[in-house]
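Participant: Following this message is one structure expressed as structure tokens.
Nothing in this text is a laboratory measurement; each read-out follows from the coordinates by a stated rule. The structure displayed is predicted, hence computed values, not measured ones. Because the Cβ atoms are built from the backbone with ideal geometry, glycine has one as well, and the counts that use them run over all protein chains shown.
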Amino acid sequence: MRKIIWAPWRIEYIEKAKEGSQKDEKEKCFLCEAWRGEDDKLVVYKGKNAFVIMNKYPYNSGHVMICPKTHTAELENIPFEEKVELLELLELSMRALKKAIKPHGFNIGINIGRIAGAGLEEHIHIHVVPRWAGDTNFMSTCGNSKVIVEDINSSMMKIKNYLEEVLAESKR
């Protein structure tokens, strides 16, 4: 028997993908909009050259992305100081996530190109996905569905608070 799971929040993602070809790349890039402060409600932290943002369509609770300010699809086009800050924010984000939501591990990755799974090919970013023992269950195995156990805003506030704490600790 086929089960239907109601996910109305996905329509925004689908509609944006359809309309994407009608706009200038930087104009439609939600990461550039977040960097410029036009749509930054999911930004956890903004540094000098890079930032941390919640993934609006997460694979797991606490899924964040570390993003350079440079709008590029290629790692080699990111200036050195941005690459350094990306790695610093990756480490700090992992430390904050460990304190905030206590994952057992992480999946960390960069999808380069649509064929590699990039939903946004034009602006490279690093995914940080917290993982727990048993977070793959019958829903994902049999039902081809994923259950996200915490509201994105609740996760964001926890991560934001602990990221500020971790940043303060790293400056001592």
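Participant: With a/c under 1.5 counting as rounded, go ahead and sort segment 42-95 into rounded, prolate or oblate using the C-alpha gyration tensor (a ≥ b ≥ c being the square roots of the eigenvalues; past the cut-off, prolate if a/b is larger than b/c, else oblate). Provide the component values of the computation, followed by the final result.
Facilitator: Details: a/c = 2.04, a/b = 1.55, b/c = 1.32.
Prolate shape, in that a/c is at least 1.5 and a/b is the bigger ratio.
Participant: On to the next question. If I take R0 = 22 Å and measure r between the Cβ atoms of Lys83 and Asn107 in this structure, what FRET efficiency does the formula 1/(1 + (r/R0)^6) give, to the nearest 0.05?
Facilitator: Values: r = 21 Å, r/R0 = 0.94.
For R0 = 22 Å, the calculated efficiency reads 0.60.
Participant: What full-extension length gain, to one decimal in nm, is calculated for Arg114 and Glu38 as 0.36 nm per residue of separation minus the Cα-Cα distance? Write out the running numbers ahead of the final one.
Facilitator: Working: separation 76, 0.36 × 76 = 27.36 nm, distance 2.57 nm.
Full extension from Arg114 to Glu38 adds 24.8 nm.
Participant: Please report Val128, Val84, Val43 as a ranked list, fewest other C-beta atoms within 10 angstrom at the top and most at the bottom.
Facilitator: Values: Val128 22, Val84 13, Val43 18.
Ascending number of Cβ neighbours within 10 Å: Val84, Val43, Val128.
Participant: Counting other C-beta atoms within 10 Å, which of Phe80, Phe106, Phe51, Phe30 has the fewest, and how do the rest follow? Before the final figure, lay out each step's value.
Facilitator: Numbers: Phe80 8, Phe106 18, Phe51 23, Phe30 15.
Ranked by crowding around the Cβ, least crowded first: Phe80, Phe30, Phe106, Phe51.
Participant: Gain in length, Glu91 to Arg131, computed as 0.36 nm per residue apart minus the alpha-carbon separation, to one decimal in nm? Working shown, then result.
Facilitator: Numbers: separation 40, 0.36 × 40 = 14.40 nm, distance 1.60 nm.
My answer for the length gained is 12.8 nm.
Participant: So what is log10(I(q)/I(0)) for segment 24-170 at q = 0.10, 0.12, 0.13, 0.22 1/Å, when the Debye sum runs over its Cα atoms only?
Facilitator: Summing over Cα pairs of segment 24-170 leads to -0.34, -0.49, -0.57, -1.49.
Participant: Over segment 24-170, what is the mean sequence separation of C-alpha contacts under 8 Å (at least six apart), divided by residue count, expressed as relative contact order in percent? Show your work: numbers first, answer last.
Facilitator: Working: 226 pairs, mean separation 40.3, N = 147.
Reported as a whole number, the value is 27 percent.
Participant: Still on this structure, please answer the following. Could you sort the peptides 109-116, 65-72, 120-127 by per-residue average Cβ neighbour count (10 Å cutoff), highest mean leading?
Facilitator: Values: 109-116: 11.9, 65-72: 20.9, 120-127: 18.8.
Taking the mean over residues of other Cβ atoms within 10 Å, the ranking is 65-72, 120-127, 109-116.
Participant: Kindly write out, for segment 44-58 in residue order, the coupling ³J(HN,Hα) from the Karplus curve 6.51 cos²θ - 1.76 cosθ + 1.60 (θ = phi - 60°), rounded to whole Hz, with x marking Gly and Pro.
Facilitator: 8, 7, 10, x, 6, 10, 7, 8, 10, 9, 5, 7, 5, 10, x
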